[in-house]
Every structure is written in structure tokens, then in C-alpha cells.
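Student: Right, I'll just put the structure down here and ask away after.
Derivation of every value follows stated rules applied to the coordinates shown; laboratory data play no part. Just so it is clear, the model here is predicted, and its values are computed rather than measured.
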Amino acid sequence: MSKKLRMSYTKLSFYLACPKRYYYRYVEKRPYYPHVMARYGSNIHRSLKDFSEAITAGKPIDKDAQVILYEKQWTNVSKDVTKNLELKNLGIKQLQDFVDLNIRSCFVKKRKICQLVIVSNYEEETCIRAI
């Protein structure tokens with residue numbers, strides 16, 4: 001009896017991008033090591049999730065609270081200590097800019113943030129905005 005083929009968006013996108021990559025990942029089950037920026041993005045996403053939960057719960061959010069949430073979620077993204085520190089500081093700056101640009105206006109207008117989105121620009125820097 002043959003196994004059922006289970007597909008997902010990720011599997012399909014791997015196959016369409018490179019069938020050999022799909023084969024190594026899903027047939028041979030070789031380990032996958034995400035890129036430094038993918039791990040950095042995961043740190044940002046986890047922090048924003050905590051941040052949005054705090055807003056929903058009605059907790060006061062300011063720059064210091066955001067830094068605490070970010071540091072709680074931070075995991076190293078590289079074996080290079082300098083790169084880790086550089087990206088950690090970049091994340092803090094981006095999240096603080098997010099607080100400055102979005103949260104104050106959201107609370108003044110008495111509306112909730114429905115979704116937090118991370119948008120990357122072409123220089124591999126990350127912009128954060130609320131929608």
C-alpha cells in the first residue's frame with residue numbers, strides 16, 4: 001500500500017523553485033538550516049505577536065515594554081556574535097520606530113491594530129507597519 005502524498009504551499013513552492021531542493025528536503029529528509037535573515041524575521045514576528053497580545057489585553061505599551069518583549073523572544077541568529085548584536089539592535093530600533101509611528105495614532109483614534117505586517121524592501125532591511 002502506498003502512502004498518500006501530502007502537499008502544502010511550502011512543499012509546492014519548494015518544488016516549483018527547484019525540484020532537486022524539494023527532493024533533498026522532503027524525500028531524503030536532509031536537515032534545513034534557515035538563512036540568518038529568516039531567523040531574524042522569526043524573532044521579530046514572535047515579538048510582534050506578544051506585542052499585539054499585550055495591546056489586545058489593554059496593557060500599556062511604550063518603547064521600554066517593547067524592548068522587554070523583544071529581548072524575551074530573541075534567539076541568536078548566527079554564530080557570529082557581532083552579527084547577532086547588530087541584528088538585535090536593528091530589531092530594537094525597528095520595533096521602537098513601529099511604536100512611535102503606529103501605536104500612538106492607533107490609540108488616539110481608539111482603534112485596534114488588526115494585523116501586524118512585516119514588509120521587506122530591496123536592501124534586505126525590514127520595514128514594519130500596522131494595517
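Student: What is the extension gain from Asn89 to Met37, computed as 0.36 nm multiplied by their sequence separation minus the C-alpha to C-alpha distance, in nm to one decimal?
Tutor: 17.3 nm
Student: For segment 1-74, evaluate the Debye formula with one uniform point scatterer on each Cα (no solvent term) and list log10 I(q)/I(0) at q = 0.15, 0.16 Å⁻¹, rounded to two decimals.
Tutor: -0.70, -0.73
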